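The values are calculated or read from the model by the stated rules, or taken from the named source; none is laboratory data. For clarity, every value in this text was computed on a predicted model and none was experimentally measured. Here the Cβ is made from the backbone with ideal geometry for all residues, glycine too, and neighbour counts use every protein chain on show.
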Amino acid sequence: MANRGRRGFTYTHYRPTQANQAAIRNANELGFTVNLSAQTLAQADAHAALGIAPVVVVLPVGTTKPTRTPEGRMVVVCPASVGNTDCLNCGICQQRDRAAIVGFPAHGAGARRVQAIFFAGELS
């Protein structure tokens, strides 16, 4: 409730069990945006189908263009990750009612491992 009218947000990799879904839905309804984090485009579809929270997903290294999930949902690449803005001025991740999934290209020391998980999940 302390975030009502503010731009607070976070991400969760916790499995969306029934108990977790209730907590995530409640936080979003009270004004604190909790994004469900997915490791593959198929998992992003599954999370989006729950209808409890906005969804984010990791993307392969160097991704700069929008894509679609297997079920046709739009995935926009995080504007801050492609240099069009910064997190402070963007705010897309705090928008609870957005239609698009936000994708974050893998980066940093763990990028290869993250990318391997992404592609392994896409093949299965």
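A few comments on the model shown:
- Which listed residue is closer than 22 Å to Gly110 by Cα, hydroxyl-bearing (Ser, Thr, Tyr) and either touching a Phe, Trp or Tyr at 6+ places or on another chain (Cβ under 8 Å) or free of Cβ contacts under 8 Å to residues at least 60 places away in the same chain (or both), from Thr64, Thr69, Thr85: Thr64
- The range 41-60 - residue that is in contact (Cβ under 8 Å) with a residue 60 or more places away in the chain and buried (at least 21 other Cβ atoms within 10 Å of the Cβ) and, of those, farthest from Ala80 (Cα to Cα): Leu41
- The helices (runs of 4 or more DSSP H) falling completely within the range 21-124 that include 3 or more residues that are at pLDDT 95 or above map to 41-50.
- Some residue of the range 106-113 being loosely packed, with under 14 Cβ neighbours inside 10 Å and charged (D, E, K, R): yes
- Ala38 being within 20 Å of Ala116 (Cα to Cα), among the small types (Gly, Ala, Ser) and surrounded by 21 or more Cβ atoms within 10 Å (Cβ to Cβ): yes
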